[in-house]
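S.K.: Structure below; questions to follow.
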Amino acid sequence: MNALRWWWGILLTFALLGIARVFLPLPFMNEVVIFSIYAMGCNFLIGRVGYISFGQPAYLAFGAYACAFYLFYFGTNPYVGILVGVLGGLIVSLLIGPLFVRLRSDYFAMVNLALAVIVFYLTQKVLVGITHGDNGLWFLTRISSTPLLDLTIPSHFFIFSLLLAALVWAFYKYLDDSIYGACCLATKINENKLQFLGYHNFSIRLLAFVIANSTTALAGAMYAVYLGFVSPEMASPSRAADPVIVTILGGVGTLFGPIVGAIAYTGMKDVISKLIGNWELFIGFLLVFIMLVADKGIWGSLAPVLEKWLFRRKSPDSRGHD
Amino acid sequence: MSEDSRSVIIKAEGVSKRFGTVVAVDQVDYQLYENEVAGILGSNGAGKTTFFNLLTGYFLPDEGRILYRGQDVTALTPQQRVAKGMMRTFQLTSTFDNLSVTDNLVLAFFRAHKSSSLWQLLTNTCKKHRKDEKILAILASFDLERVGDRLVRHLGLGEKRRMEIAMAILAEPKVLLLDEPLAGLAESEIKGVLDVLRKQVGKQTILIVEHKISHVEDFLQRLIVMHEGKIIAEGGYECLQNPEVRKSYWQIDATDDASAAAGAAS
């Protein structure tokens, strides 16, 4: 029953996103889908392992630039580019992870922010020779057409990113149900006990760090292919809170949270920025409101109501997500 | 290993631990025998828990060695000691409050009987192990069946304590080290926890740190009393009549009536 329900949920969500494509502009939908992948990584870190990171743009940039370097200097196949981007993120997080995951959550947040600042200046000022600084790398025309799903066509790109998002979602759903997922929740609140049960906190956290940041790098690589362009703006520390905001907006630790958050955030940005100039101010107030009133976020607050309404039964008190 | 029931399983040799200028544990020698039920008693601040933490690897001693079945384990991490068969609980119940009771047990079970390799953790689901016979059996024998699906944070203290001990027992360790398993429990809950522990007597070596003697009366086979970081008495319950113990534990002078000691103990 339970299994049926979540499969229905995910099919419905992605079907709705697919249908929404008919009514809503394609760039908006693409933005939503990529952003939700971006937020899924962040959501896993915050909700499962208890690590808040204000440096996600750094990993986004690792993926985007790895993909961009490939497409600008070496090849033309966008699929290979995305793969290179993910590998780039994976390798970087494997290298710096052992240093970062030893830190407590608050220091972890700050050290990642510092990393974002470093990456921003590296791409903007230091490595100008290969990154072209603020001008960025343009490679839209270099991306080759591929059979079946041609990523140079926005509508094809949408189908591809939707499929990929569903895949990433299913992967995180699987992680949630695995013993590893339980270990992550356990290390989040009681690492001592986990250690005295004989588990290795360090390797559990390192793996979570690598998984989450490779997901972020995947989103970065998808941005790169979608826009055909990368610039240091991607790693800008001023965008550091974006994925965290989306995660909180959607509902920390819930599986649908990143998707709902990405829709809400991108939607607000698009709609409100057309109505009022300072849309970010509005989002700021909204976030304060959410923190004070509904700390479970949009999905976290809606889910129990929806479940009751749809299934006419009390939500079972099973595994928690916070 | 030797079949002799008196063979030593854990041995501490001249173990000391200082915190700044305070000597919490002072040159303690101690032997824990296989399959016995032993206790460490003492008033608050006597060094019981610190000594216990040294045995389990929570702290490293400043001096001395800890031996497990003759092998030096002083420098081993808690995980390595767990792998050798030592399992502890904590004074303030230490559980995973954001997981269900069953999933807490699954985590304890999985490490002990399967593996802690990441690959195994990733390729096994909790669901698959929730219905494992051993987990169902322990839920039943600890009277936790009713609350199996409930998040631990919604449990009462007694249930939590029972669950923490269940987790330790589920791992089937050679030595069960329990740090004040009865602290903060109501009388009825204490009986429940002791009933559960009685089932383990003879199967495992059990070492209990306890503050209140009345709780563990007629349960321990051998005990030590600690005071200011040293062992001041060792043996059966009769050693509690030792004047030094009575003085340190209850501030009762040797001349006082023995019934006063019994009164203070309860």
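Please treat every number below as a calculation from the coordinates, not as lab data. This one's a predicted model, so the numbers in the text were calculated from it and none came from an experiment. Every residue, glycine as well, gets a Cβ built from its backbone with ideal geometry; the counts of neighbours run over all protein chains shown.
S.K.: What does the convex hull of the alpha-carbon atoms of the protein assembly as shown project to on average, in nm²?
M.R.: So the Cα hull casts an average projection of 32.2 nm².
S.K.: Please arrange A:His200, B:His154, B:His215 by counting, for each residue, the other beta carbons lying within 10 Å of its beta carbon, fewest first.
M.R.: B:His154, A:His200, B:His215
S.K.: Among DSSP beta bridges whose residues both lie in chain B, state the antiparallel percentage, nearest 5.
M.R.: 50 percent
S.K.: Hey, in the GNM for chain B with a 10 angstrom Cα cutoff, which one of B:Arg88, B:Arg161, B:Arg18 fluctuates hardest?
M.R.: B:Arg18
S.K.: If you don't mind, another one. What number comes out for the charge environment of A:Leu162, summing +1 per Lys or Arg and -1 per Asp or Glu over other residues with Cβ under 14 Å away?
M.R.: After counting each charged neighbour, the total is 0.
S.K.: Within the stretch A:58-150, list the trypsin sites (Lys or Arg not before Pro) lying in a DSSP loop whose Cβ has at most 14 other Cβ atoms in a 10 Å radius.
M.R.: Those satisfying the criteria are A:Arg102, A:Arg104.
S.K.: In deg cm²/dmol, rounded to 500, what helix-only [θ] at 222 nm does chain B give when every DSSP H run of at least 4 residues adds -39500 (n - 2.57) and the total is split over its residues?
M.R.: Result for chain B: -10000 deg cm²/dmol, rounded to the nearest 500.
S.K.: Relative contact order of the stretch A:241-315, please, whole-number percent, based on alpha carbon pairs below 8 angstrom and at least 6 residues apart.
M.R.: With pairs under 8 Å counted, the relative contact order is 35 percent.
S.K.: So what's the net charge close to B:Ser94: Lys and Arg +1, Asp and Glu -1, counting the other residues with Cβ under 9 Å from its Cβ?
M.R.: That works out to 0.
S.K.: One-quarter of the Cα convex hull surface for the stretch A:136-237, in nm²?
M.R.: Its Cα hull, projected and averaged over all orientations, spans 8.7 nm².
S.K.: With each run of n ≥ 4 DSSP H residues scored as -39500 (n - 2.57), what mean residue ellipticity at 222 nm is computed for chain A after dividing by its residue count and rounding to the nearest 500 deg cm²/dmol?
M.R.: Helix-only estimate at 222 nm: -23000 deg cm²/dmol.
S.K.: Quick one: give the max-minus-min coordinate of the C-alpha atoms of the stretch A:101-194 along each principal axis, largest first, in Å.
M.R.: Here the Cα extents, ordered largest to smallest, are 55, 39, 14 Å.
S.K.: How fast does the stretch A:241-315 diffuse by Stokes-Einstein, in µm²/s, taking the Kirkwood radius from C-alpha pairs at 10 °C and 1.306 mPa s?
M.R.: Calculated translational D: 124 µm²/s.
S.K.: P(r) for chain B: what percent of alpha-carbon pairs falls in each 10 Å bin, starting at zero?
M.R.: The percentages, shortest bin first, are 7, 28, 34, 23, 7, 1, 0.
S.K.: Treating the beta-carbon of each Lys and Arg as +1 and of each Asp and Glu as -1, no other charges, what is the dipole magnitude of the protein assembly as shown about its Cα centre, to the nearest 20 debye?
M.R.: For this selection, approximately 1580 debye.
S.K.: A further question on this structure: Net charge around B:Leu144, counting only other residues with Cβ within less than 9 Å of its Cβ (Lys, Arg = +1; Asp, Glu = -1)?
M.R.: Within the 9 Å Cβ shell, the charges total -1.
S.K.: For a quick check, take a GNM of chain A with Cα springs below 10 Å and name the residue from A:Asn278, A:Asn201, A:Asn77 with the largest mean-square fluctuation.
M.R.: Of the options given, A:Asn278 has the highest mean-square fluctuation.
S.K.: Give me the dipole magnitude in Debye, nearest 20, for the stretch A:241-315 about the Cα centre, with unit charges on the beta carbon: positive for Lys and Arg, negative for Asp and Glu.
M.R.: 440 debye
S.K.: For the stretch A:183-305, just list the percent of Cα-Cα distances falling in each 10 Å bin from zero outward, please.
M.R.: Spelled out bin by bin, the stretch A:183-305 gives 11, 30, 34, 19, 5, 1 percent.
S.K.: Okay, moving on. Quick one: Cα convex hull volume of the stretch A:26-240, Å³ per residue?
M.R.: 111 Å³
S.K.: Another question, then. Only four residue types carry charge here, +1 at the Cβ of Lys and Arg and -1 at the Cβ of Asp and Glu. Report the dipole size of chain B about the Cα centre in Debye, rounded to the nearest 20.
M.R.: Result for chain B is approximately 1220 debye, rounded to the nearest 20.
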